[in-house]
Amino acid sequence: MRVYVPLTLSRLAEVYKAGELGPGPLTAYAVTPALREWYASDDVEELEYAALGRAALSSLRLLAEDAGAARRRVVLVADVADGAVDPGADELEVGEVRVTGALGLKKVAAVHVDAEDAVADVAAAVGVLGAADEGDRDAGALVDGVEDHELLWFATQEISGLI
């Protein structure tokens, strides 16, 4: 199963240094039955993109909790055995799953990170995330606007250059 794990750049640096992300359980996103129903598509690539988007939003929330983190969303993409994912965890948020154990870097397929030109918009969205959650439409528009920035794809060999 392919999972999308939300991180920050500082957390990615810790993962790189340790050689793994863990211990579990780890919050991740995947193509789940609930995500399929929510997104209403049978196209696997579209569904994986939707899971990536959910993880990117979760990364935005991690940035809101860490004032010192660089204002760039980070999503780690990994392939794990189906048995390494708790199938009942999709009830908290659409597409959300729990990876039950640590996730070694050898399982990582890629990393997605915001480009530098997204930093100002990400910072603005982080600043209004609470208001957006409470229904403020202008704040919601700022948060939704971050999705206009495509996350860049990086191979695992490029992680050291990112951090």
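The values are calculated or read from the model by the stated rules, or taken from the named source; none is laboratory data. All of these numbers come straight from a predicted model, not from anything done at the bench. Quick reminder, even Gly has a Cβ in these numbers, built from the backbone with ideal geometry, and neighbours come from all protein chains shown.
For the stretch 16-40, the set of residues classified as part of a strand (DSSP E or B) and over 16 Å from the mean Cα position of the chain (by Cα) consists of Glu20 only. Restricting to the stretch 1-10, name every residue that is among the hydroxyl-bearing types (Ser, Thr, Tyr) and either surrounded by fewer than 23 Cβ atoms within 10 Å (Cβ to Cβ) or assigned to a loop (DSSP other than H, G, I, E, B) (or both). Scanning the stretch 1-10 gives Thr8, Ser10. Of all the listed residues (Arg54, Arg71), the sole one being among the charged types (D, E, K, R), free of Cβ contacts under 8 Å to residues at least 60 places away in the same chain and assigned to a loop (DSSP other than H, G, I, E, B) is Arg71. Within the stretch 28-44, being closer than 25 Å to Thr100 by Cβ and surrounded by fewer than 18 Cβ atoms within 10 Å (Cβ to Cβ) holds for Pro33, Ala34, Arg36, Glu37, Trp38, Val44.
Selection of the stretch 142-163 for residues being among the small types (Gly, Ala, Ser) and either surrounded by fewer than 12 Cβ atoms within 10 Å (Cβ to Cβ) or modelled with pLDDT of 95 or more (or both) yields Ala155, Ser160, Gly161. Restricting Leu62, Leu47 to residues that are among the hydrophobic types (A, V, I, L, M, F, W, C), in contact with a strand residue (DSSP E or B) (Cβ under 8 Å, 6 or more places away or on another chain), surrounded by fewer than 21 Cβ atoms within 10 Å (Cβ to Cβ) and assigned to a helix (DSSP H, G or I) narrows the list to Leu62.
The C-beta contact set for the stretch 121-136 (first residue on the phi < 0 side of the Ramachandran plot and in contact (Cβ under 8 Å) with a residue 40 or more places away in the chain, second residue hydrophobic (A, V, I, L, M, F, W, C) and surrounded by fewer than 18 Cβ atoms within 10 Å (Cβ to Cβ), distance under 6 angstrom, 6+ apart or interchain) comprises Val126/Ala64; Leu129/Ala64. Here Ala56 meets the list (1) more than 14 Å from Arg2 (Cα to Cα); (2) touching a Pro at 6+ places or on another chain (Cβ under 6 Å) almost entirely, failing just condition (2).
For the stretch 13-45, a residue qualifies if it is of a type in the set (D, E, K, R) and closer than 21 Å to Arg73 by Cα, and the qualifying residues are Glu14, Lys17, Glu20, Glu45. Just one of the listed residues (Ala13, Ala78) is modelled with pLDDT of 90 or more, under 13 Å from the mean Cα position of the chain (by Cα) and either surrounded by 14 or more Cβ atoms within 10 Å (Cβ to Cβ) or in a helix (DSSP H, G or I) (or both), namely Ala78.
Residues that are within 21 Å of Leu35 (Cβ to Cβ) and of a type outside the set (Val, Ile, Thr) occur in the stretch 110-121; there is at least one. In the stretch 143-163, the residues that are farther than 18 Å from Val77 by Cβ form Cβ pairs under 6 Å with partners that are not acidic (Asp, Glu), at six or more places apart or across chains, as follows: Val143/Ala125; Val143/Ala132; Val146/Val122; Val146/Ala125.
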